[in-house]
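Notes to accompany the following structure.
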């Protein structure tokens, strides 16, 4: 029986690999190993380790890994610009600075920055999820704004000179399930040249007094250091609610720090950082925060054309007998459904043929595409049928060989039944409130 290694064990092994690669002058691979070790330590701190003492020990390990990675980064950058003798000198000096653990402890500011960086490291999206804008139906205005903010400045930088500036901050607001987070994921894929940092309120709240506002400050510092970058704040209303007289000093300081950082980005033309916020409760935001966002886009419920596209996207290549007319009729029957509601409708419909399969008592032979090669048609598949059919054989679905079971076809009746069993999740009163906020502060997406 194999034993799964813990994140700490894997991190230690990664550090060993990094040291070996560093000794063999394979600095790029060593740099990657130190970064992976840091990520593993962070994962262990968040999900595997309960002892606070051990957590502090692992945090120091994170600091050590980050320091070694910084040394290698300095070396690799210097290698591109200077002679081999000067590179070696730079590397040895950097190595000497981090060789004494006692000296590192004395550099309080540097260690503090490393500690906050290790806490925020998990928010930096390393692997893109593969979602593209073509996977997001509708929302043309929001896509256009994001194109102007992150795509065009990279591909056509000569267009953004002097007075023409890319957007620095965009707020996406609307009912739950309308694609705010999904659009942000697609932006991360489309803007592959950008560092994408995704945070929530939980990432910016600390039990230690004064750490929350420092986390906010270091978040923006990381974005500046790794620009061009995007800071996506999901559920920004949890961090920046309207200020009240009875709130704690810590909460007030976090909001003040956030406002200061947002203002700094707005006034500095050299920073190529986009702050992208998302909220289901825009009316709860502090007025000063609302004003910091240059564009405020209403992510409304999908219209008929968008719902039609959503049905096509969610059904995908699943075998079905649906016609264009069927999809148009379904899109008409799902008014006031959000994108998430339509996803649930399709998932429910896809399960209905499977349920029929489980309740079938008779099967007959049929033809269909081979699972391994769809271009090849196989004629010995077994499909459920009625007991009275001429070629019906009494059989339980469990007795059918796995590779001989014909995938059931999704029908219009399956879709219609799913629509009738799945109700929209938004109330009309809530929709009116969103529309009023859009008329007061935003634009339609």
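The values are calculated or read from the model by the stated rules, or taken from the named source; none is laboratory data. These numbers come from a predicted model, not from an experiment. Cβ: placed from backbone, ideal geometry, glycine included. Neighbour counts: every protein chain shown.
For the list (1) over 18 Å from residue 143 (Cα atoms); (2) assigned to a strand (DSSP E or B), I need the number of the one condition that residue 158 fails.
(2)
Search the range 259-270 for residues being in contact with a strand residue (DSSP E or B) (Cβ under 9 Å, 6 or more places away or on another chain) and at pLDDT below 75, and hand back the single one that is surrounded by the fewest Cβ atoms within 10 Å (Cβ to Cβ).
The selected residue is 266.
Here is a list of conditions, (1) at pLDDT 85 or above; (2) farther than 22 Å from residue 187 by Cβ, and residue 237 meets all of them except one; can you say which number that is?
It fails just one condition, (2).
Would you check which residues across the range 196-222 are farther than 19 Å from residue 181 by Cβ and part of a helix (DSSP H, G or I) and list them?
211, 212, 213, 214, 215, 216, 217, 218, 220, 221, 222
Taking the range 153-182 only, how many residues are in contact with a strand residue (DSSP E or B) (Cβ under 7 Å, 6 or more places away or on another chain) and either surrounded by fewer than 18 Cβ atoms within 10 Å (Cβ to Cβ) or on the phi < 0 side of the Ramachandran plot (or both)?
The total comes to 9.
Which one of these is more than 26 Å from the chain's Cα centre (by Cα) and surrounded by 14 or more Cβ atoms within 10 Å (Cβ to Cβ): 8, 12, 49?
12 is the lone residue from the list that is more than 26 Å from the chain's Cα centre (by Cα) and surrounded by 14 or more Cβ atoms within 10 Å (Cβ to Cβ).
Could you grab me the full set of residues in the range 359-402 that are within 30 Å of residue 423 (Cβ to Cβ) and surrounded by 11 or more Cβ atoms within 10 Å (Cβ to Cβ)?
Those that are within 30 Å of residue 423 (Cβ to Cβ) and surrounded by 11 or more Cβ atoms within 10 Å (Cβ to Cβ): 360, 384.
Just need a number here: residues in the range 286-305 that are touching a residue at least 60 places away in the same chain (Cβ under 8 Å), more than 13 Å from residue 169 (Cβ to Cβ) and touching a helix residue (DSSP H, G or I) at 6+ places or on another chain (Cβ under 8 Å).
6
Inspect all residues belonging to the range 239-258 and state whether any of them is under 20 Å from the mean Cα position of the chain (by Cα), assigned to a loop (DSSP other than H, G, I, E, B) and surrounded by 16 or more Cβ atoms within 10 Å (Cβ to Cβ).
Yes, the range 239-258 has at least one match.
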